[in-house]
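Just below is one structure, and these are the notes that go with it.
Read-outs: derived from the displayed coordinates by stated rules, not from any lab. It should be emphasised that the depicted structure is a prediction, and the values quoted were computed from it without experimental measurement. Note that each Cβ is placed from the backbone with ideal geometry, even for glycine, and that neighbours are counted across all protein chains shown.
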Amino acid sequence: MKIKLHAFNLELKHTFTISRESHDFQPSLIVELIDGEFSGLGEATSNPYYNITVENTKEIILKNTTFIESLSEEEPTNFWKKLQPIFTENMFALCALDMAFTDLYAQKKGKKLYDLWSLHIDKNPKTDYTIGIDSIEKMVAKMQELPWPIYKIKLGTKNDIAIVTELRKYTDAIFRIDANCGWTADEAIANSFKLKELGVEFLEQPLKANDIIGAKKLYENSALPIIADESCIVESDVEKCAGLFHGVNVKLTKCGGVTPGKRMLEKAKSLGMKTMVGCMTESTVGISAIAHLLPLLDYVDMDGGLLLKKDIATGITIHNGVISYADKNGIGASLL
């Protein structure tokens, strides 16, 4: 097994703004694991919030290349287990490796990943499409550019209710709100009642990740379900979120890949919590991996490829929120 790294700077269709940052390009690293005729792909984006860059991701992978390449005969769970201690400071790198190896493994078995996991895809949820923070006029224009059944709206401004009130005039779509830690508990409680009237389905991570007291207050008083994102990073966080959130949004890059991500979703379900997987702004490589977890999900946010001006890969396709799988085994992704 050999490692090959591909760095990209993904250009976005529109400037993407959330409560704490804006960007026009998304640096991303594709990890390719090659074994004979088979080639598995995984993806890790950069992320300033977690101090992850393409450079430090490449560095830690290259530093451990010999050991990684020696694990070609492992099963994905053991592959991940043996690498995890090395990558505790860069779970994004571990994600890309785990994703690529699992893709490779499923291809060798002649199966799509959801088949390898014995999951059934007949009741998969639809994905939302994200509208970043902007002027109301531009946010409306983004919705009209791509009519969609579910929109995730980024908030965390001083005019959040006014924004959603105005957007609601232009569509009957389901709204989901992601405030990216931009509210206080009292703001979130007050907003929840107004937003419920505006057809909002849930609130994602409205409070700072370390605001445990606020999270408990919000959980007990919100008119809408609260989904953890920044508060649910790795496997041990799922149980901590029980009683503070109604559900968890698992990000594969943050938890270290599809192997721990699947365990986190199964744990959340066992605790009676709603399950969701979210994406970064990433290519169809990372998005294709998410698709195989759909049977375990109540909600999904896998629009990363749709936000790009030009994709770097083929794989799953999305039409009006409905995800279709590629014919290829594994995760189904191929670099263009």
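So here's what we get for this one:
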read-out	value
Sequence of ARG176, ARG20 once ranked by neighbouring C-beta atoms within 10 Å, starting from the fewest	ARG20, ARG176
Amide proton proximity set for CYS181, modelled H, under 5 Å, gap of 5+	LEU207
Mean ellipticity per residue at 222 nm, deg cm²/dmol - from DSSP H runs of n ≥ 4 across the chain, formula -39500 (n - 2.57)	-10000 deg cm²/dmol
Links that overshoot a 22 Å alpha carbon limit, given the list LYS58/LYS240; LYS240/LYS267; LYS138/LYS251; LYS154/LYS251	LYS58/LYS240; LYS138/LYS251
Exposure proxy order (Cβ contacts within 10 Å, fewest to most) of LYS112, LYS267, LYS251, LYS328	LYS328, LYS267, LYS112, LYS251
For region 124-140, Karplus couplings with θ = phi - 60° (6.51, -1.76, 1.60), whole Hz, Gly/Pro x	4, x, 7, 8, 7, 10, 8, 10, x, 5, 6, 5, 4, 4, 6, 5, 4
Centre separation in Å (Cα based) which lies between region 1-55 and region 124-181	25
Only Lys, Arg (+1) and Asp, Glu (-1) charged, at Cβ; the chain dipole about Cα centre in debye	300
Residues VAL322, VAL164 arranged by fewest to most Cβ contacts within 10 Å	VAL322, VAL164
Most mobile listed residue (GLY243, GLY305, GLY315) in the chain, GNM with C-alpha springs under 10 Å	GLY243
In degrees, nearest ten, helix 185-197 long axis to first principal axis of the chain (Cα)	80
Rounded tilt (10° steps) of 258-270 against the dominant C-alpha axis of the chain	50
DSSP loop GluC sites (Glu not before Pro) with at most 13 other Cβ within 10 Å excluded, longest remaining stretch of the chain	90-336
For ASN47, net neighbour charge (Lys/Arg +1, Asp/Glu -1) across residues whose Cβ lies under 14 Å away	-4
